[in-house]
Amino acid sequence: MPNPFYLLAGLGLFALALPAAAGDLPLRVFQGTLDGRPLEVALYHGKDTLSGYLLERDSQRVTLFEETPWHSDEGVLLNLMDDPKMPSATLQLTPFRLDAPYRIQGARIDLRDRTRQAVKLQDSILFRSDRDRAWDGELQQPDAGPRMSVRVHASKPVDTAVGTIDRITVHDLQSGQDLAPLDNLQLQFDGSRSLTFDDYNNDGVIDFSAWVREAEGAPKVRQYFLYQADTQRYERCEPLEQLAQRGDLRHSQNGPIQVLTGRRFDTSTEQWETWQFEGPRQLTQTNSFETRF
């Protein structure tokens, strides 16, 4: 009798997802080939599910997997959600376990015409938070959008639970160029959601931010990196960082940046300021207002 998990996965009845919470660990990354072309597969191991992404290295194209029930003694079908409403293909993998290195055979199956392409994978790194394990490697950040391909390099020594990002590399898919890397960083590693993406200055190019890796108990601080058209590279934006230290930020697409500057419980009101970029690097306050909560 067919495995019911396979039938449901093939029908697309499970949620499209990278894990909703930050710190999607344990996460195993495989390197391999798809019909001879270089491939990277990252799999987040939930309690009884798998999710993650497939990266075609030549084109830098990222496709998310649908979250799918999984048991290590069985093979799995992972739907490729290049269309969020309906999978166009599925990745079929032989059984494997989280706690052991594996070579995996499989296939990419087109769900429209059932053509198969051979997949061969070799695990390259296991990111996890166990204090007795060290690791060092790169991971794609799949939420970067259609133009930029963004990867972080991070490491974790023994006796710590959280990894540190020291380098971010960006490939511009539109121009085909590698941008200048961001080096000598001290950012917190949270798996494939280490970076938060938004177009903060509304220039049409995605920007990103991340938590600084601080000592336990220290205040949490974010660093912001904005694309600058005049230098064609990402640069830290200290004015935005200073604004974020004053209060929670919120930003809607093509809208201003709003910062929460105060909250009065006696009147159930919040005080907000509105800011926007005047030029690529200068923030200017444009308004202030009050809302009830």
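The values are calculated or read from the model by the stated rules, or taken from the named source; none is laboratory data. Keep in mind the model is a prediction, meaning the values are calculated, not measured. A quick note on method: Cβ atoms are made from the backbone with ideal geometry, for glycine too, and the neighbour counts reach across all protein chains shown.
Among the residues of region 273-282, is there at least one that is acidic (D, E) and free of Cβ contacts under 8 Å to residues at least 12 places away in the same chain? For region 273-282, residues acidic (D, E) and free of Cβ contacts under 8 Å to residues at least 12 places away in the same chain: present. Taking the conditions exactly as written (out of contact with any Leu (no Cβ under 9 Å at 6 or more places or on another chain) and either in a loop (DSSP other than H, G, I, E, B) or of a type in the set (G, A, S) (or both)), does A118 satisfy them or not? Against the criterion (out of contact with any Leu (no Cβ under 9 Å at 6 or more places or on another chain) and either in a loop (DSSP other than H, G, I, E, B) or of a type in the set (G, A, S) (or both)), A118 does not qualify. Looking across region 33-91, the residues that are among the hydrophobic types (A, V, I, L, M, F, W, C) and over 15 Å from the mean Cα position of the chain (by Cα) come down to L34, L39, L50, W70, V76, L77, L78, L80, M81, M86, A89, L91. The selection criterion, being modelled with pLDDT under 95 and surrounded by 15 or more Cβ atoms within 10 Å (Cβ to Cβ), does not hold for G176.
Taking the listed residues S149, S124, S129, the one that is of a type in the set (S, T, N, Q), assigned to a loop (DSSP other than H, G, I, E, B) and either within 21 Å of S192 (Cβ to Cβ) or out of contact with any helix residue (DSSP H, G or I) (no Cβ under 7 Å at 6 or more places or on another chain) (or both) is S129, with no other qualifying. Residues of region 206-219 that are under 22 Å from H153 (Cβ atoms) and part of a loop (DSSP other than H, G, I, E, B): I206, R213, E214, A215. Within region 81-97, residues that are free of Cβ contacts under 8 Å to residues at least 24 places away in the same chain and within 27 Å of G145 (Cβ to Cβ) reach partners that are outside any loop (DSSP other than H, G, I, E, B) and of a type in the set (K, R) with beta carbons closer than 7 Å, at six or more positions or on different chains, in the pairs A89/R108. Scanning region 132-146 for residues that are part of a strand (DSSP E or B) and of a type outside the set (D, E) yields W135, G137, L139, Q140.
Filtering D199, D203, D159 for residues that are surrounded by fewer than 18 Cβ atoms within 10 Å (Cβ to Cβ), touching a residue at least 24 places away in the same chain (Cβ under 8 Å) and on the phi > 0 side of the Ramachandran plot leaves a single hit, D159. For region 257-265, the criterion of being modelled with pLDDT of 95 or more, among the charged types (D, E, K, R) and assigned to a strand (DSSP E or B) is satisfied by no residue at all.
Count, please, the residues in region 184-202 that happen to be under 19 Å from V221 (Cβ atoms) and either of a type in the set (A, V, I, L, M, F, W, C) or touching a strand residue (DSSP E or B) at 6+ places or on another chain (Cβ under 9 Å) (or both).
The qualifying residues number 13.
Of the numbered criteria (1) over 21 Å from the mean Cα position of the chain (by Cα); (2) within 25 Å of H171 (Cβ to Cβ); (3) not basic (K, R), the one Q242 fails is (2). Within region 55-82, the only residue that satisfies the criterion of being within 16 Å of T94 (Cβ to Cβ), among the hydroxyl-bearing types (S, T, Y) and in a strand (DSSP E or B) is T68.
Taking region 246-293 on its own, how many of its residues are among the charged types (D, E, K, R), farther than 20 Å from A229 by Cα and surrounded by 10 or more Cβ atoms within 10 Å (Cβ to Cβ)?
8
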